[in-house]
Each structure stands twice: as structure tokens, then as C-alpha cells.
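Data first, discussion second: the structure below is written as C-alpha cells.
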Amino acid sequence: MDGLSNVLGQANYYYSGAAFTSALIEFDSGENWHLSGSQIVSSSGVNFFVVALHEIGPSVSITTTPYQP
């Protein structure tokens, strides 16, 4: 994606009309994700699970912004 820091992951959502059909979620390999204890974190200590939830949220209608297909 953009390398170290800034963008950790991104999601693209696809619709057919107003109907949600699929999602593509990607994580930035430039973040050097690694195992630290029992967690996967980036080189700056960001938890992978938190990033994943942030990206997955809109695909299951959890969002902080108004819906706009």
C-alpha cells in the first residue's frame, strides 16, 4: 500500500444497486506485522485485530458515517 505507517489496511465494498454483495479487505505488508506475545502488531505497536475490526465494521453495518453506496 503505502509502506511503513499511515495506511494500515483498507477495505473496498461492492454493491449491486443498494444491495451489498462483497468486500475486499487488505492489510499493508509494509507495516511489518509480527507476533508480540500473544498478539499480532505492526512495527509501531498497532494491534492487527483492532485494524481488522475497523476495516470489517462497515461490511456488517457498523459504521460511524452515513451509508452512501
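Taken one residue at a time, the phi angles of segment 10-17 give Karplus couplings (6.51, -1.76, 1.60, θ = phi - 60°) of 8, 10, 10, 10, 10, 10, 10, x Hz. Gly and Pro are set to x. Placing a pseudo-label 7 Å from each Cα along the Cα-to-Cβ vector at Ser43 and Ala11 gives an inter-label distance of 2.7 nm. Restricting to Cα atoms and excluding each atom paired with itself, what does the Kirkwood estimate give for segment 9-60 in Å? Over segment 9-60, the inverse of the mean reciprocal pair distance is 12.2 Å.
None of the figures in this text is laboratory data; all of them are computed from the coordinates on show. Note that the structure is predicted; figures quoted are calculated from it, not measured. Reconstructed Cβ throughout: ideal geometry from the backbone, glycine too, with neighbour counts over all protein chains shown.
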